[in-house]
Amino acid sequence: NSFLSDLINAEGNNYVAIVAFAKKASVVLDFTDNISEVIKSVNTLTSHDNVRDINAGLSAANGLFQKVDSSAVKNTILVTTGMTNEGKYTYDGHYDEETVGSNWRRMDTQIRLYAYANAAYEMAAVLKNSSTLYVLGLFQTMDHMPEEGREIAEFFRLTAFDLATSENTFYDVENPDDIEFVFGEIANNITASNGYFKYA
C-alpha cells in the first residue's frame, strides 16, 4: 500500500491497476488514481490455489495497456515465485529439455513445467514492447529447499529473471523483510521515468 501510494502521489498523472492471477487471471481494479480504491482492492487479495498462470496475468495486464495512450509511460510490476503451472503451454520456445529442472511436471496433467514457462515468456516479450516489466521474485524458501527440489527452485528463479525487461528490473527477494525496501526502489525508478502520464 505504501508503494502504490508513492506511485500515485508522485509528480505527474499516475494511474495504477491491479491484476490477480492463480488458475485464471482477473482485473481486480482498472486504472485509477484513487488511492483509497487501490488500497481497498489490495486488501482483498488472497492466495488460495496451488496453481499459477503467469501467462494469463501478463496477458490481462497487456489488455489493460491496450486502452492507454501510446505516449504514456507504462510499467508492469510482477510479484511472483517464478512458478507457473497452469493455462497455455508450449514445448517450443525459450526453455527446452536442456533447461535446469526440465523433468519436473504437473502430476495430474504430466505437462512439463517449462512448457508453461515458455507461454509466459512469449507473453512477457509482447508486454515488454510497450511496458517496462519489473519482476519482484519471492524466493524465501530457497534456503530450506530439500536437495531433490533445488533444480525446480532454480528454474523458478530463472523464469522470474527471464521475464523482467533487464537484469536491472529484476529484484531477487530472499528475505521477506526486504520487500518494503525493494518496492521503494521500484517506485523510485518508475517515478523518475520521463513522461507526465504514467501507468503501472
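In whole percent, what relative contact order does segment 80-166 give with Cα contacts below 8 Å and a gap of six or more residues? Could the numbers behind the result be given before it?
On the way: 112 pairs, mean separation 34.8, N = 87.
Relative contact order here is 40 percent.
For segment 39-99, which GluC sites (Glu not before Pro) are both in a DSSP coil and crowded by at most 15 other Cβ atoms within 10 Å?
97, 98
Please report the accessible area of residue 126 (heavy atoms, 1.4 Å probe, ligands and nucleic acids excluded) in Å², nearest 10.
The value for residue 126 is about 70 Å².
Where nothing but the Cβ of Lys and Arg (+1) and of Asp and Glu (-1) is charged, how large is the charge dipole of the chain around its Cα centre, in debye to the nearest 20? Before the final figure, lay out each step's value.
Working: 14 positive and 28 negative charges, 161 e Å.
Dipole of the chain, to the nearest 20 debye: 780 debye.
Add -39500 (n - 2.57) for each DSSP H run of 4 or more in the chain, then divide by its residues: what number comes out at 222 nm, to the nearest 500 deg cm²/dmol? Don't jump to the answer; show the numbers that get you there.
Numbers: 6 runs with 70 residues, N = 200.
Value at 222 nm, helices only, nearest 500: -11000 deg cm²/dmol.
Using DSSP to call loops (not H, G, I, E or B), can you name the trypsin sites (Lys or Arg not before Pro) in segment 64-137 whose Cβ has at most 12 other Cβ atoms within 10 angstrom?
Values: sites: 67, 74, 88, 105, 106, 112, 128; in loops: 67, 88, 106, 128.
Of the trypsin sites (Lys or Arg not before Pro), the ones in loops of segment 64-137 whose Cβ has at most 12 other Cβ atoms within 10 Å are 67.
In terms of Cα to Cα distance under 27 Å, which lysines are near enough to residue 198, apart from those fewer than 8 places away along the same chain?
Candidates past the 8-residue exclusion: 24, 40, 67, 74, 128.
Compute the angle between helix 113-127 and the longest alpha-carbon principal axis of the chain, please, reported from 0 to 90 degrees and rounded to the nearest 10.
30 degrees
Could you compute the net charge surrounding residue 93? Neighbours are other residues with a C-beta less than 13 Å from the C-beta of residue 93; K and R count +1, D and E count -1. Let's see the in-between values first.
Values: positive: 88, 112; negative: 92, 96, 97, 98, 122, 162.
Taking every other residue near residue 93 into account, the sum is -4.
For the chain, modelled as a GNM with alpha-carbon contacts under 10 angstrom, which of 101, 149, 137 fluctuates the most?
149
The values are calculated or read from the model by the stated rules, or taken from the named source; none is laboratory data. Quantities reported herein were computed from a predicted structural model and do not represent experimental measurements. Glycine also receives a Cβ, built like all others from the backbone with ideal geometry; neighbour counts cover every protein chain displayed. All accessible areas refer to the heavy atoms of the entire protein, side chains included, with ligands and DNA or RNA removed. Shrake-Rupley method; radii C 1.70, N 1.55, O 1.52, S 1.80 Å.
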